[in-house]
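Read the structure below first, then the notes.
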Amino acid sequence: MRKIPVIMATQHPDSARKYVPVQKEVDEALESFLDGREEGLNFDEYKVDYEGKLTPYHQLAQIVTKLVLRGLDPGKTDFVTPRMPNVHEETLFRQVMVMMAAIEANYLVQDQLDHPAIVELIHPLTREAIDLIEAHKRLYRLINMARRDLGVKLDPKDMQLIPLFEDTSTLTRVDEIIEKYLEKFPKLEYLRVFLGRSDPAMISGLIAAVLSVKLAISKLYKVSDSMGLPIYPILGVGSLPFRGHLRPDNVDNVIKEYSGFRTVTIQSALRYDYRKSDVRGIIKRLKSEVPKAEPLAFSKSEEDEILQIVKIAEKAYRSKIIKVFDIISKISE
């Protein structure tokens with residue numbers, strides 16, 4: 001069984017103190033894996049973001065090759081994970097290009113490693129199982145083409161998708177979507193599922209977002225038990241309270257609130273707006289506690305009650321937010 005990374009650095013431009021231009025992101029990725037490595041206080045995973053962001057396609061290959069040159073082991077101990085565009089929000093060509101960029105990165109180091117360097121791609125804004133099924137089949141076809149025509153030493157099963165759920169309507173029925181997806185791909189050895197915490201809050205309010213993510217964690221573990229497949233939730237949080245409240249003074253609360261997640265994002269605002277010693281303290285605490293935390297488990301009646309509260313809270317939030325929408329838009333600009 002592969003290692004499941006606990007700490008994921010992301011390319012969120014949400015830091016008040018530091019802006020990392022795209023030209024510096026390769027160095028940022030390398031630093032994320034190297035800094036604190038000897039003490040075990042480094043990042044396990046780095047998310048390269050292509051969703052709504054013009055990241056160069058060759059960035060994946062640059063990061064992977066530099067990791068190998070520094071003696072690191074991408075795909076086994078250090079994970080480079082791209083988030084590709086959703087075909088319903090951007091173009092199909094953009095998604096295909098990211099898939100091919102990941103395949104190319106694997107190709108460039110295939111003679112140095114005995115395993116793939118990039119093993120997963122994040123599928124954002126997952127709304128239905130068919131979104132995942134079509135993307136998964138597309139990835140399979142591209143890998144087979146690369147094997148046949150380009151000399152790539154990859155098997156279709158070497159790379160898989162991480163579905164990302166980013167609104168209350170999908171978080172609360174994550175079990176239905178994942179079950180349908182797994183019916184089409186029953187031979188997966190495991191599945192990682194990304195649960196967004198900040199976007200649902202923006203769309204549906206803080207209460208609905210928190211409860212939806214908690215409900216999703218409980219449902220995912222039930223699916224895991226019923227289908228006999230290990231499922232590892234990823235918690236996508238920011239440092240501001242509205243976006244998840246992962247800060248030096250609130251780590252234990254986050255672990256308890258969303259107990260059962262196995263990977264957590266540490267975005268730029270947390271990495272750069274706090275003292276380095278505080279960030280290292282967070283990493284140490286998370287690496288120690290997250291893998292052994294007991295997952296949330298709700299009964300069917302509790303799930304139904306939570307869902308009702310989500311709907312009430314969401315309706316109340318939206319009725320208020322619409323009244324100040326014009327002001328929010330002006331401030332945002």
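The values are calculated or read from the model by the stated rules, or taken from the named source; none is laboratory data. Just so you know, these numbers come straight off a predicted model, no measurement behind them. Counting neighbours? That spans all protein chains shown, and the Cβs are built from the backbone with ideal geometry, glycine included. Surface areas here come from the heavy atoms of the whole protein model, side chains and all, with no ligands, DNA or RNA. Shrake-Rupley method; radii C 1.70, N 1.55, O 1.52, S 1.80 Å.
Axis angle, to the nearest 10 degrees, between helix 92-108 and the longest C-alpha principal axis of the chain: 50 degrees. For the stretch 129-257, the tally of Lys pairs with Cα-Cα distances below 16 Å comes to 10, considering only residues 8 or more apart or on different chains. Counting only Cα atoms, the size of the chain along its three principal axes is 56, 46, 42 Å, in decreasing order.
Accessible surface area normalised per residue over the chain is 47 Å², counting heavy atoms of protein chains with a 1.4 Å rolling probe.
Give me the dipole magnitude in Debye, nearest 20, for the stretch 1-100 about the Cα centre, with unit charges on the beta carbon: positive for Lys and Arg, negative for Asp and Glu.
Details: 13 positive and 16 negative charges, 36 e Å.
That gives a dipole near 180 debye.
Comparing Val64, Ser15, Ile217 along the charge dipole axis of the chain, the residue lying farthest to the positive side is Ser15, per the Cβ-charge model. Residues in the stretch 144-161 carry Karplus couplings, in order, of 5, 5, 5, 5, 6, 10, 10, x, 7, 8, 10, 9, x, 6, 6, 10, 9, 9 Hz; the curve used is 6.51 cos²θ - 1.76 cosθ + 1.60 with θ = phi - 60°, and Gly or Pro positions show x.
Only helical DSSP H runs with n ≥ 4 go in: add -39500 (n - 2.57) per run for the chain, normalise by residue count and round the 222 nm mean residue ellipticity to 500 deg cm²/dmol.
Details: 13 runs with 161 residues, N = 333.
Mean residue ellipticity at 222 nm (helix-derived): -15000 deg cm²/dmol.
About its Cα centre, the dipole of the stretch 84-186 is roughly 380 debye, where the only charges are +1 on Lys and Arg Cβ and -1 on Asp and Glu Cβ. Partner lysines whose Cα lies under 21 Å from the Cα of Lys276, excluding those fewer than 8 positions away in the same chain, are identified as Lys18, Lys24, Lys47, Lys284, Lys287. For the chain, the longest principal axis of the Cα atoms and the long axis of helix 206-227 meet at an angle of about 60 degrees. Where does the charge balance sit around Asn253 when Lys and Arg score +1, Asp and Glu -1, over other residues with C-beta under 15 Å from its C-beta? Net charge in that neighbourhood comes out at +2.
Pairs of alpha-carbon atoms within less than 8 angstrom and 6+ residues apart define the contacts here; what relative contact order does the chain have, in percent?
On the way: 561 pairs, mean separation 60.0, N = 333.
That works out to 18 percent.
Share of the stretch 211-294's accessible area from carbon and sulfur, percent, 1.4 Å?
Numbers: 1730 of 3360 Å².
Carbon and sulfur: 52 percent of the exposed surface of the stretch 211-294.
Shape class for the stretch 253-333, computed from the alpha carbon gyration tensor (a ≥ b ≥ c): oblate, with a/c not under 1.5 and a/b at or below b/c. In the stretch 127-262, with Lys and Arg counted as +1 and Asp and Glu as -1 at Cβ, which of these residues, Pro200, Leu161, Leu171, has the Cα nearest the positive end of the dipole, that is, farthest along it? My answer, from the dipole projection, is Leu161. The charge dipole of the chain, taken about the Cα centre with unit charges on the Cβ atoms of Lys, Arg (+1) and Asp, Glu (-1), comes to about 180 debye, rounded to the nearest 20. A dipole drawn for the stretch 179-333 from +1 and -1 charges on Cβ atoms has a positive end, and of Pro241, Leu191, Tyr274 the residue lying farthest that way is Tyr274.
Helix 276-289 and the long axis of the chain differ in direction by around 90°, with both axes built from C-alpha atoms.
How long are the semi-axes of the equivalent ellipsoid of the stretch 275-320, taking √(5λ) for every eigenvalue λ of the Cα gyration tensor, in whole Å from largest down? Please list the in-between numbers first.
Numbers: eigenvalues 234, 80, 3 Å².
Working from the Cα gyration tensor, I get semi-axes of 34, 20, 4 Å.
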